[in-house]
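Heads up, the thing below is written out as structure tokens.
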Amino acid sequence: MPTDVENWKSEVYGNEIRDRLFEFAEAGFDSIPDDERDAWFERFKWWGLYHQRNGQEGYFMMRIGTPNGVLEPGQLRVVGEIADEYARGPGVNPIFGDVYADFTTRQSIQLHWIELSDVPAIFEKLEENGLSTQQACGDSWRNIVGNPVAGKDGQEVIDAWPVIRDLNERFKGDDDHANLPRKWKVSVTGSADGSGQGDINDLAFEPAYKAVTGGNGGDGDESEDAVGFNVRVGGGLSRNEPRLARDIDVWVPPERVPDVAGGLSALFRDYGDREDRYNARVKFLVDEWGADEVRETLQEEYVDFELESAGRDVREEYTYNAGEGERNDLIGVHDQKDGTNFVGLNVLVGRMGADDVLELADLADEYGSGEVRLSQRQNVIVTDVPDAALDEFLDEPLLEHYSSEPSPFMRGSVACTGTEFCSLSIVETKNRQVRFARWLKANVDLPADVDEFHIHLSGCTASCAQPQIADVSLRGMKTRKDGDPVEALDVGLGGGLGENPQFARWVTQRVPVDEVPGAIANLIESFAAEREEGESFRAFVARHDDEELDAFVDPEETDYEDPMMHNTKRTWYPYAEEDSMEDAPLTPADD
Amino acid sequence: MTTRLRVLDDGAWISVNDDRKVRVSELWRLDAPDLCECALTDLVVENFQSVGADGSTVEVQVYGQCIACGEKGTTGWIPVGRVRGGEFAELDRSAVRRVRR
Ligand code: HEM
Ligand code: SF4
Ligand SMILES: [Zn+2]
């Protein structure tokens, strides 16, 4: 039997939601019929609006999908202005203030406390400036990710940016691909560093060379190496069922990417499970069919040319989130192809106050081209900075806070939304990760040759913070401490991407949150004492069994204090003075 | 009058008549010998799997973990509240809940 969600989608979905959304915005939140709220909130996701959690009725998270994390000159300013004007609500965050933007692990932007009545004005401003929330959530093509510095990166094999732009134009708003069984996450990477993180997406295009007759538009029938993409399908981290995307033995030249991507998206549309949303992601279809059957079905039913077999990839060069080697992230100053530089700045847990967003937009204008890009580690990158402007840019006061040379614990922090706004969450996340990072920076020393250490905190198993690919993975749980229920974290170790990706092993369960910094400190102490010369943390974890690792973790109370030990989900907003559900604000009045 | 019962947002909550009524992240005391060997399961509710009604009683199946012993799994049908005159009343959260047999 199709689910309620499928029934709603078959009635109204995709582009047509917009008119109704605007009608509701016009007539006020209360104009949504009482018995249609679930249906409309589900549909609004397709237009990037996600109802915030219980206690925050009538307020929405708005996600702006920025393909490949690219914000063209002027667009960051628009985001800052929209945040400043519309993303203020009844809750004030003690660390980040009353208005901010979140940069996400899929190179998008999230604003909170958005009211329905403001949506038409926000959409108008976004669209005038080439931005959109279309398909940012919901069951369809999501924001396409990749190496954020595509087209500029000195280490690039092939420029993926035109490919991504083309896919985005074709599949955003395409009615044939608007209603899929579940979200469809695509990654296209052209660089050799693996920074598109294809392995954890539903569909991945990764750079590869292929000897093809005639070559790249060449003249003879000489065989020569063409540059294109290998294809993998069925990655994803959620629901305790992490999967790496599987190699389906296909190589495509850049001009065929839309055919193959569209073919696979149609295959998912037609064969994905619409009866059980928990089994709907394409990763489960790949489990069931195997990679060979995916390839055969694609060939027979969805493309009208002969697929090439996989080419020679560059996976052995992957470093991004690899847990060892150079360039695990894109922080710092790096060469661009054109002789200028891109500068990756650390945004702790991806959250930036609206004033800072506006100031950064100014700096990008002043020192670069005005363009800014977002990475999958929730950081920003200012591109096109000439050598001559570099020193002055790096001396800007804003960069003290958003550093190009952050401490490893600041640099390595990634955190999801958590109980502040998210329905699925078990624990508080972003502010907690900030507190952890600050404490670790003040109290813990890594071995001198280790300058990156990634700690990712997710509030539940949906894994929005990608915990399974960090050195230390933290995931929301509960436990009892002295009999009282408290927020807790499961601790996983040794995850990372790279040539041979590995998900973290969950070695220690249910550590009360106030003992987690002590646990990490003890772990790092054992690592420093027992590692082999030059050994990476990931390699260190790999040569120990779970029991040994559990012993290294060793939870302990320290002078770290956690003000959010209680059930933060039972509050209407964890940081409110009067935080109980009874004190929740009324749904925003229409204005 | 029929009551509309749904699991929404990936199992984050139970909707009763288009209103969010029961949420994940709660701790429930359960008499659920099928799930774990503890005398009482101390279950952290992570995901609702399904919702139904037995007369006026609203029941759910949830995925979660017993924080006393670490056992994980999906429960049988557990009552969470009653619908009377179209209004949902949640059962006392601190009371022991019994899996229907
Ligand atoms: C209102 C807050 C949010 C809600 C309710 C939410 C919901 C979800 C859910 C239900 C999933 C798992 C679905 C599935 O794949 O089966 C998921 C996965 C994910 N979300 Fe979110 N999310 C929220 C915020 C975020 C944020 C802030 C980010 C980025 C920082 C994010 C990025 C992701 C990513 C990367 C995954 C990956 C899971 C995978 O690889 O399969 N989400 N989210
Ligand atoms: S990981 Fe869970 S808690 Fe965090 S944002 Fe995603 S759904 Fe919410
Ligand atoms: Zn138990």
Inset, instruction - Give just the number: which of (1) over 24 Å from B:VAL7 (Cα atoms); (2) in contact with a His (Cβ under 7 Å, 6 or more places away or on another chain) does A:PHE60 not satisfy? - result: (1)
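Could you count how many residues in segment A:56-77 are within 14 Å of another protein chain (Cβ to nearest Cβ) and either polar (S, T, N, Q) or open to solvent by 10 Å² or more (accessible area, probe 1.4 Å) (or both)?
The initial filter retains those residues of segment A:56-77 that are within 14 Å of another protein chain (Cβ to nearest Cβ), namely A:56-61.
Imposing the further condition that a residue be either polar (S, T, N, Q) or open to solvent by 10 Å² or more (accessible area, probe 1.4 Å) (or both) reduces the set to A:56-57, A:59, A:61.
Residues flagged as within 14 Å of another protein chain (Cβ to nearest Cβ) and either polar (S, T, N, Q) or open to solvent by 10 Å² or more (accessible area, probe 1.4 Å) (or both) within segment A:56-77 amount to 4.
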Legend entry - Residue under evaluation A:ASP199, criteria (1) modelled with pLDDT of 95 or more; (2) part of a strand (DSSP E or B); (3) touching a Gly at 6+ places or on another chain (Cβ under 7 Å), criterion not met: (2)
Inset, instruction - Determine the pairs where a residue that is outside the structural domain of A:CYS416 (by TED's automatic domain parsing), located within segment A:443-465, has a partner that is open to solvent by 20 Å² or more (accessible area, probe 1.4 Å) and near ligand 1 (Cβ under 9 Å from one of its atoms) with Cβ atoms under 8 Å apart, the partner being 6 or more residues away or on another chain. - result: none
Legend entry - Pick from segment A:435-462, criterion within 16 Å of ligand 2 (Cβ to nearest atom) and of a type in the set (A, V, I, L, M, F, W, C), ranking: farthest from the chain's Cα centre (by Cα): A:PHE436
Legend entry - Hits in segment A:424-448 - residues which are closer than 30 Å to A:GLN56 by Cα, of a type in the set (Val, Ile, Thr) and surrounded by fewer than 24 Cβ atoms within 10 Å (Cβ to Cβ): A:VAL434
Inset, instruction - Would you be able to tell me the number of residues in segment A:394-438 that are within 14 Å of chain B (Cβ to nearest Cβ), touching a strand residue (DSSP E or B) at 6+ places or on another chain (Cβ under 7 Å) and among the β-branched types (Val, Ile, Thr)? - result: 3
Inset, instruction - Please indicate, with yes or no, whether at least one residue in segment A:371-381 is within 16 Å of ligand 2 (Cβ to nearest atom), in a helix (DSSP H, G or I), at positive phi and away from chain B (no Cβ under 14 Å). - result: no
Inset, instruction - Please enumerate the residues belonging to segment B:1-33 that are assigned to a loop (DSSP other than H, G, I, E, B), free of Cβ contacts under 8 Å to residues at least 24 places away in the same chain and under 17 Å from B:GLU87 (Cβ atoms). - result: B:THR2, B:ARG4, B:ASP18
Inset, instruction - Read through the list (1) without any contact (Cβ under 8 Å) to a residue 40 or more places away in the chain; (2) within 12 Å of chain A (Cβ to nearest Cβ); (3) part of a strand (DSSP E or B), then give the number of the only condition that B:PRO79 fails. - result: (2)
Legend entry - Pair list, Cβ < 6 Å and 6+ apart or interchain, from segment A:31-45 residues that are more than 9 Å from chain B (Cβ to nearest Cβ) to residues that are assigned to a helix (DSSP H, G or I) and aliphatic (A, V, I, L, M): A:ARG43/A:ILE17
Inset, instruction - State which residue is farthest from the chain's Cα centre (by Cα) when the search covers only segment A:6-29 and only residues that are over 20 Å from A:ASP174 (Cβ atoms) and open to solvent by less than 20 Å² (accessible area, probe 1.4 Å). - result: A:GLY28
Inset, instruction - Test each condition in (1) under 23 Å from A:ARG18 (Cβ atoms); (2) assigned to a loop (DSSP other than H, G, I, E, B) for A:GLU169 and report the one that comes out false. - result: (2)
Inset, instruction - Mind listing just one residue for me: the one in segment B:37-71 that is outside any strand (DSSP E or B) and within 14 Å of chain A (Cβ to nearest Cβ) and, of those, nearest to A:GLY58 (Cα to Cα)? - result: B:ILE67
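For segment A:157-173, enumerate the residues that are open to solvent by less than 40 Å² (accessible area, probe 1.4 Å) and over 20 Å from A:SER309 (Cβ atoms).
Looking only at segment A:157-173, we keep the residues that are open to solvent by less than 40 Å² (accessible area, probe 1.4 Å), and these are A:157-158, A:160-161, A:163-164, A:167-168, A:171-173.
Residues satisfying the conditions are A:ALA160, A:TRP161, A:VAL163, A:ILE164, A:LEU167, A:ASN168, A:PHE171, A:LYS172, A:GLY173.
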Inset, instruction - Would you point out the residue of segment B:16-34, among those that are more than 17 Å from B:ALA95 (Cβ to Cβ) and surrounded by 22 or more Cβ atoms within 10 Å (Cβ to Cβ), that is nearest to the other protein chains (Cβ to nearest Cβ)? - result: B:SER25
Legend entry - From the options A:ALA551, A:ALA519, residue that is open to solvent by 30 Å² or more (accessible area, probe 1.4 Å) and not aromatic (Phe, Trp, Tyr): A:ALA551
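Please determine, by comparing only the residues of segment A:538-581 that are among the aromatic types (Phe, Trp, Tyr) and touching a helix residue (DSSP H, G or I) at 6+ places or on another chain (Cβ under 6 Å), which one is farthest from A:ARG438 (Cα to Cα). Step through it out loud before you land on a result.
Our first condition is that a residue be among the aromatic types (Phe, Trp, Tyr); within segment A:538-581, this holds for A:540, A:552, A:560, A:572-573, A:575.
Within this subset, residues satisfying the condition of being touching a helix residue (DSSP H, G or I) at 6+ places or on another chain (Cβ under 6 Å) are A:540, A:552, A:560, A:572.
Working: A:PHE540: 25, A:PHE552: 22, A:TYR560: 10, A:TRP572: 27 Å.
That would be A:TRP572.
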Inset, instruction - Please work out which one of (1) in contact with a helix residue (DSSP H, G or I) (Cβ under 8 Å, 6 or more places away or on another chain); (2) away from chain B (no Cβ under 14 Å); (3) surrounded by fewer than 24 Cβ atoms within 10 Å (Cβ to Cβ) is the condition A:VAL511 fails and give its number. - result: (2)
Inset, instruction - Please indicate, with yes or no, whether at least one residue in segment A:267-288 is away from ligand 2 (no atom under 16 Å from the Cβ), more than 28 Å from A:ARG182 (Cα to Cα) and in a loop (DSSP other than H, G, I, E, B). - result: no
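So which strands (runs of 3 or more DSSP E) stay within segment A:455-552 end to end and still have 1 or more residues that are within 16 Å of ligand 1 (Cβ to nearest atom) and not acidic (Asp, Glu)? Lay out the reasoning, then the answer.
Working: elements: A:455-458, A:472-481, A:484-493, A:505-512.
Qualifying strands (runs of 3 or more DSSP E): A:455-458, A:472-481, A:484-493.
Any residue at all in segment A:422-434 that is more than 29 Å from A:ARG243 (Cβ to Cβ) and either part of a loop (DSSP other than H, G, I, E, B) or under 21 Å from the mean Cα position of the chain (by Cα) (or both)? First the steps, then the outcome.
To start, the set of residues in segment A:422-434 that are more than 29 Å from A:ARG243 (Cβ to Cβ) comprises A:431, A:434.
Those left that are additionally either part of a loop (DSSP other than H, G, I, E, B) or under 21 Å from the mean Cα position of the chain (by Cα) (or both): A:431, A:434.
Taking every residue of segment A:422-434 in turn, at least one turns out to be more than 29 Å from A:ARG243 (Cβ to Cβ) and either part of a loop (DSSP other than H, G, I, E, B) or under 21 Å from the mean Cα position of the chain (by Cα) (or both).
The values are calculated or read from the model by the stated rules, or taken from the named source; none is laboratory data. Not measured: the values here are computed from a predicted model. When we count neighbours, we look across all protein chains shown, and the Cβ atoms used for this are built from the backbone with ideal geometry, even at glycine. Accessible surface areas use protein heavy atoms only, side chains included; no ligands, DNA or RNA. Shrake-Rupley method; radii C 1.70, N 1.55, O 1.52, S 1.80 Å.
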